[in-house]
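Novice: Shown below is the structure under consideration.
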Amino acid sequence: MPNHLPFKTVTRCFVCPASHHTYNFLQSQHRPNLSITTNISQDVKKTSYRSSFGRAIYNSATQSKNMATTNTSNDKAAKPKVTLFWLNQSRAQRIVWLLEELGLDYDIEVYRRMERIAPPKAKEIHPLGKFPIVKVNDNLLAESGFITEYLVDNYGEWLKPKDHASLMRYKYFLHYVEGSFMPPLIVGIVMQGVKNAPVPFFLKPLVNMIYSGVETKYLLPNYKTHFDFLESEISQRPWIAGEEFTGADILLSFPLTAMKGKSIFTQENYPKLWTYTEKLTEREAYKKATKKTEAMEGDKVY
């Protein structure tokens with residue numbers, strides 16, 4: 001089958017059903033542009049990564065202080081084997097961008113939603129069945145903030161600030177994005193789905209009333225709090241943590257690009273944050289990641 005993707009790929013295997021297949025992205029410009037090959041295998045379908053996940057949990061829980069130094073010496077001796085487990089219409093695109101910024105070779109195992117949720121097969125990788133997940137050599141990493149912190153610590157020190165004040169902001173925003181900023185945005189997405197769901201006409205006024213109440217009393221006040229905060233922060237420095245672009249900017253990109261032009265996030269309301277968001281999407285690594293993601297999504301990524 002010819003390779004119609006706009007980038008060099010090697011596909012190690014396609015796994016049936018069509019909810020799962022693998023891409024390999026090679027950073028070297030001298031690698032040949034190979035055609036996609038297909039290999040349906042029962043053994044591959046039964047692969048479980050839980051033992052690796054257990055090892056990763058042990059490392060993070062008992063050796064967190066040693067991971068950066070120990071893994072750096074071991075992993076940098078040879079190029080790491082990186083696999084990103086990616087779900088369509090998810091926050092995994094940020095990790096594609098991060099890997100592009102780091103210049104690492106990586107495989108992507110693609111999983112597709114089934115009736116808007118991750119396929120049951122996802123729990124063979126991680127007990128929660130959530131994405132993104134990254135496997136680096138023998139370490140299986142879950143949670144976007146932890147994935148970013150680990151990869152930057154081990155393979156991209158230039159994406160982490162050196163001065164104390166910027167480093168503290170960097171670490172804060174790694175946790176802020178998923179811990180504080182994303183929850184109200186997720187509630188907004190869920191409520192929008194409820195509002196647009198097909199219901200009998202006599203129930204529509206009730207659904208609209210419930211949505212309006214949640215929007216007025218919870219969503220809009222929370223949106224304003226967060227966007228006001230981020231506008232204030234980005235008005236003080238060129239990047240979210242300081243003078244240099246960092247992994248925290250990559251994590252923050254998803255909620256900002258997802259909300260850009262929607263609800264209260266307009267150029268008129270938040271001019272500094274709007275300009276910052278556009279600056280994020282102008283980076284070359286972001287453009288490369290977007291091109292690859294759109295090829296897998298089959299749709300435009302904003």
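The values are calculated or read from the model by the stated rules, or taken from the named source; none is laboratory data. Computed from a prediction, not measured in an experiment: that's the story for all the values here. Cβ coordinates were reconstructed from backbone atoms using ideal geometry, including for glycine residues, and neighbour counts include every protein chain displayed. SASA here: full protein model, heavy atoms, side chains in, ligands and nucleic acids out. Shrake-Rupley method; radii C 1.70, N 1.55, O 1.52, S 1.80 Å.
Novice: When the scattering of region 160-297 is computed by the Debye formula from its Cα atoms alone, each counted once and equally, what is log10 I(q)/I(0) at q = 0.11, 0.16 Å⁻¹?
Specialist: -0.49, -0.91
Novice: Can you give me the accessible area per residue for region 82-232, using a 1.4 Å probe, in Å²? Walk me through the numbers on the way to the answer.
Specialist: Details: 7040 Å² over 151 residues.
Value for region 82-232: 47 Å² per residue.
Novice: Just how much of THR216 is accessible, in Å², when a 1.4 Å probe is used and the result is rounded to the nearest 10?
Specialist: Roughly 80 Å² of THR216 is accessible to a 1.4 Å probe.
Novice: Over the alpha-carbon set of region 83-229, divide Rg by the Kirkwood Rh and report the Rg/Rh ratio to two decimals.
Specialist: Details: Rg = 18.8 Å, Rh = 17.9 Å.
So for region 83-229, dividing Rg by the Kirkwood Rh gives 1.06.
Novice: Please list, by residue number, every one of the trypsin sites (Lys or Arg not before Pro) in region 233-302 that is coil in DSSP and has at most 16 other beta-carbon atoms within 10 Å.
Specialist: On the way: sites: LYS260, LYS262, LYS272, LYS279, ARG283, LYS287, LYS288, LYS291, LYS292, LYS300; in loops: LYS260, LYS262, ARG283, LYS300.
Sparse-neighbourhood loop trypsin sites (Lys or Arg not before Pro): LYS262, LYS300.
Novice: Using the structure shown, list the pairs from LYS204/LYS260; LYS79/LYS279; LYS224/LYS291; LYS260/LYS288 with a Cα-Cα distance above 24 Å, or answer none.
Specialist: Working: LYS204/LYS260 28 Å; LYS79/LYS279 31 Å; LYS224/LYS291 32 Å; LYS260/LYS288 20 Å.
Long pairs (Cα-Cα over 24 Å): LYS204/LYS260; LYS79/LYS279; LYS224/LYS291.
Novice: Sticking with this one: Carbon and sulfur atoms: what percent of the 1.4 Å accessible area of region 166-257 do they account for? Display every interim value, and only then the final one.
Specialist: Values: 3060 of 4570 Å².
The nonpolar share, carbon plus sulfur, comes to 67 percent.
Novice: Computed on alpha carbon atoms, what radius of gyration and Dmax characterise region 83-133, expressed in Å?
Specialist: According to the Cα coordinates of region 83-133, Rg and Dmax are 11.2, 34 Å.
Novice: Okay, next question. Taking the full set of protein chains and a 1.4 angstrom probe, give the accessible area of VAL82 in square angstrom, rounded to the nearest 10.
Specialist: Surface open to solvent at VAL82 totals about 0 Å².
Novice: Moving to a separate point now. Return a whole-number percent for the relative contact order of region 160-297, with Cα pairs under 8 Å and 6 or more residues apart as the contact set. Write down the numbers at each step before the final one.
Specialist: On the way: 96 pairs, mean separation 39.5, N = 138.
Here the relative contact order equals 29 percent.
Novice: Using the Cα centre of region 151-240 as the reference point, and only Cβ charges (+1 on K/R, -1 on D/E), how large is the resulting charge dipole? Debye, rounded to the nearest 20. Don't skip to the answer; put the middle values down first.
Specialist: Details: 9 positive and 8 negative charges, 46 e Å.
Dipole of region 151-240, to the nearest 20 debye: 220 debye.
Novice: At a Förster distance of 22 Å, what's the computed FRET efficiency of ASN208 paired with GLU115, Cβ-Cβ distance as r, to 0.05?
Specialist: Numbers: r = 25 Å, r/R0 = 1.12.
E(calc), rounded to 0.05, equals 0.35.
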